[in-house]
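Structure record follows, encoded as structure tokens.
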Amino acid sequence: MAARKLDIQDLGRRDFDSAFALQEQLVQQRRDGEVPDTLLLVEHDPVYTLGRNATEDNIVAASEDLAEWGIAVVRTTRGGQVTYHGPGQLVGYPILDLGEHSRGPTWYVTQLEEVLLRTLAAYDIEGRRDEVNRGVWIGDDKVAALGVRISRHVTMHGFALNVCVDLGDYRGIIPCGIQGRGVTSLNVYKPEITLDEVKTTLRSEFREVFGYE
């Protein structure tokens, strides 16, 4: 069988809304067969995003605090609760046709976790899964959040990996709506780590795990 093609686009740093609009455009093009499977990589301006069923009770900061901190709030179409995106975080938006992979949602989420676990392992950091709270954890602290949408077999949204994030920016939310658990970032364990080097590693691991050429 011929190897599948993956187009990877590095968007640099940009606001959430413009990246979301690009995702929607590419999702339609993927359904129409106009583009191959695509992975968007982006670093966002500070924003709290709420999934389809998220409750605003999990945003604990007052609106005046959010304005002072420069953190926007956006409701979006992914699954999951509230999370943070911002500088120092590597966000990935895979736009894949799962029909061509002959696989379903559970396989897809597990594969995303595998990409992230292998990326951590490349820096001698041991991550783990939690079958109740999906994503990737280091001990009891979440280092990578997942939130996806799959419509007519095509995926959007994806993952957010904390590389060198200011963890203080999480103070305004209950991350993923989970009480009593923390968040962490790779630079807690590897202080010299950079977003660019992790991006390179993750690109390679994504191709390997999903079987692209």
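Using the Cβ-Cβ distance between LYS5 and VAL60 with R0 set to 41 Å, the FRET efficiency from 1/(1 + (r/R0)^6) comes to roughly 0.40. Bridges between two residues of the chain, per DSSP, are antiparallel at a rate of about 65%.
Cα gyration tensor of segment 14-87, axes a ≥ b ≥ c as square roots of the eigenvalues: rounded (a/c below 1.5), prolate (a/b > b/c) or oblate? It comes out prolate by the Cα gyration axes. Multiplying the residue separation of ARG14 and ARG171 by 0.36 nm and subtracting their alpha-carbon distance yields 54.3 nm. Separation of segment 56-118 and segment 1-53 by C-alpha centroid, Å? So the separation of the two Cα centres works out to 12 Å. Where only DSSP H runs of four or more residues are counted, the chain gives -8500 deg cm²/dmol as its mean residue ellipticity at 222 nm, each run worth -39500 (n - 2.57).
Remark: the chain projects, on average over all directions, an area of 11.3 nm² (convex hull of Cα atoms). Annotation note: trypsin sites (Lys or Arg not before Pro) in segment 56-148 located in DSSP loop regions with a Cβ neighbour count of at most 13 within 10 Å are absent. A simple spin-label model places pseudo-atoms 7 Å from Cα toward Cβ; at TRP107 and GLN25 they are separated by 3.1 nm. When the Cα positions of ASN187, GLY135, SER102 are compared along the charge dipole of segment 95-197, SER102 comes out farthest toward the positive end, with charges on each C-beta of Lys, Arg, Asp and Glu. The DSSP beta bridges internal to segment 19-127 are antiparallel in roughly 70% of cases. Amide H contacts under 5 Å for VAL143: VAL136, TRP137, ILE138, THR184, restricted to partners 5 or more places along the chain or on a different chain, H placed in the peptide plane at 1.01 Å from N.
Bear in mind that the values in this text are calculations on the coordinates, not laboratory data. For clarity, every value in this text was computed on a predicted model and none was experimentally measured. Quick reminder, even Gly has a Cβ in these numbers, built from the backbone with ideal geometry, and neighbours come from all protein chains shown.
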